[in-house]
Each structure stands twice: as C-alpha cells, then as structure tokens.
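Take a look at the structure below.
The values are calculated or read from the model by the stated rules, or taken from the named source; none is laboratory data. Source: prediction; values computed, not measured. We place every Cβ from the backbone using ideal geometry, glycine too, and count neighbours over all the protein chains shown. What goes into the accessible areas is simple: the full protein's heavy atoms, side chains included, and nothing from ligands, DNA or RNA. Shrake-Rupley method; radii C 1.70, N 1.55, O 1.52, S 1.80 Å.
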Amino acid sequence: MVIAVATQKGGTGKTTTSISIASGLARLHHKKVLLIDIDSQANSSKVLLPNYQEISKHNTIFTTLLERNPLPVHKSSIPNLDIVPSHILLSNTDVELTTAKDHREARLKSQLDPIKAHYDYILIDCPPALGWLTINAFTAADQVLVVVEPGYFELDSINQLNKTLQEVREIFHPSLSLLGYLFTKADPTVNSRTSLQILRQTYTDKVLKTVIPRNVALKDASFQKQDIFSYDPKSKGAAAYKKLIEELFDE
Ligand SMILES: Nc1ncnc2c1ncn2[C@@H]1O[C@H](COP(=O)(O)OP(=O)(O)O)[C@@H](O)[C@H]1O
Ligand SMILES: [Mg+2]
C-alpha cells in the first residue's frame, strides 16, 4: 500500500505524520516500511538519517526525478524502516518537470513499481505545494492522506487539494483514492473545535476518527531528530499516532 501524505500548506504536520506512521508500523508492528521524502526541505531525511549532510544529490530522490535512475534506498536509524532521502536542489525540479515532455508525472511511479513488493507499507512525505512533485507522489500512490490543521484558511485550501486530486484521477490515475482527512494540532481553543466541527460536517465519514492533539513531545521529538515512539512513547502524541495506525490499517 502506497500512501501520499499531503496538503499544499507548510507546517500542517505532514512530516510528523509520515515519520510517526512509518516508525510506528516498523517499531510496533514489525512491518517493512519505506518512507520517500519528496519535499526539498528534506525534514524527514534529516530526522531519520544521522549522516544526511554527507549524502550527495545523486543518492537522493533528485536522481530519480531528474536523471531517471532507480530509487536510492537507504537504511534509516530505525530497524525495518528504509528511506529515500530528498535534496534541497529539488526546489528547482518543478520548473524542469514543467518543460519536460515525456511522462513527467510518472518518474517516481516508474521506479517505485519494481521495488514495491519488498515493503508492507510505503509513505510519501509531500512538499507544501501542488506542483509536479506532488503530482508524481499522487501518480505513484494508491491513496492520499490529507493532513489538516485548525484554521479557516486551512479548510479553504482543502478544496484546492481536492481539485488537484480529481485532475490527477482524470488525467493520470483513475483509481487513486482518498484515505481520509487527518486533523492535527488540535487543542481546546474555539478555533480548533470549530474547524474540526466544520471539517466533519463537510466531509463526514472521510474525516478520520483519530485526532492528533497539539503535543509538545511531537515538536521536541523532531527537534531531537527522533521519532515519537523512541523519544516519548508515553506521550499523548505517541498514543494518538498509535491509535491512528490501528484505525487506518487494522494493525
Ligand atoms: N501535533 C503536533 N503538536 C505539536 N507540534 C507539532 C505537531 N505536529 C507537528 N508539529 C510541529 O510543527 C512543525 C511543523 O510540522 P511538520 O510535520 O514539519 O509539518 P509539514 O511537514 O506539514 O510542514 C514542526 O516543528 C513539528 O515538530
Ligand atoms: Mg514537511
């Protein structure tokens, strides 16, 4: 199962969600997991690869998207979790892919398909934009997990993402499905409660039951370059992501 974790906004919790689901499946359920980092900010790469700074662009997803080479798979610091790291130079990729002529949407998919069977789960941590990188992620994925944080404009931006999802379905990938909307960074404020209420009213059963609370352990874990299950397995953040994995995958 290949899952793209997306929203076109930065800071909603895509990277935290990708790392937490991937590490939870690997650590708690002993699944074989691959995380593909396709965001030029390379945040999940920096958390999961202690030697990230020494990795050249030819050993990152850059080589797959720009040079059409096989995916460079690295072992992460977590047993059973592999990672394809990203690179800062990916920030120019959209321009290059826009002018490319052949199958620019399928460069990730064509290299992922041959190695898919080695993994139980594959997660793609998407950039905060709906350009060719995200289209590559959607084309390679079976399902999209949409990460939403509290706020009026966040709800507005879901419409934009849904349009892109629909376009990718129509043009490239008819069977792409929506795994669900995940509400993150929830807190007891009116803003947060109202946002969740509107989200549930609008998208009903597509809104996941599990809500991820705003939890300082999740923030500290990424700062310490650790996943939440090693940093603070007793935290509210760890409990929420554990529940999410059970809800999504019956694991
Ligand atoms: N549930 C949460 N509670 C508190 N902080 C969070 C939570 N989820 C993410 N963060 C923090 O918010 C910031 C942005 O999260 P991140 O996962 O990097 O978002 P994105 O990948 O969407 O840009 C990071 O500093 C991260 O540690
Ligand atoms: Mg991110």
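Criterion first (open to solvent by less than 20 Å² (accessible area, probe 1.4 Å) and over 17 Å from the mean Cα position of the chain (by Cα)) does Ser175 satisfy it?
no
The set of residues in segment 15-60 that are in contact (Cβ under 8 Å) with a residue 60 or more places away in the chain, within 13 Å of ligand 2 (Cβ to nearest atom) and either out of contact with any helix residue (DSSP H, G or I) (no Cβ under 9 Å at 6 or more places or on another chain) or among the polar types (S, T, N, Q) (or both) comprises Thr15, Thr16, Thr17, Ser18, Ser20, Ser40, Gln41, Asn43, Ser44.
Does segment 73-95 include one or more residues that are more than 22 Å from Phe183 (Cα to Cα) and within 13 Å of ligand 1 (Cβ to nearest atom)? So far as segment 73-95 goes, yes, one or more of its residues are more than 22 Å from Phe183 (Cα to Cα) and within 13 Å of ligand 1 (Cβ to nearest atom). Could you tell me whether Thr164 is open to solvent by less than 70 Å² (accessible area, probe 1.4 Å) and among the hydroxyl-bearing types (Ser, Thr, Tyr)? Here the answer is yes, as Thr164 does meet what is asked.
For beta carbons closer than 6 Å, sequence separation of 6+ or different chains, a first residue in segment 233-251 that is on the phi > 0 side of the Ramachandran plot and at pLDDT 95 or above and a second that is basic (Lys, Arg) and within 11 Å of ligand 1 (Cβ to nearest atom), there are no qualifying pairs. Only residues that are open to solvent by 20 Å² or more (accessible area, probe 1.4 Å) and not β-branched (Val, Ile, Thr) were counted across segment 77-89, and they come to 5.
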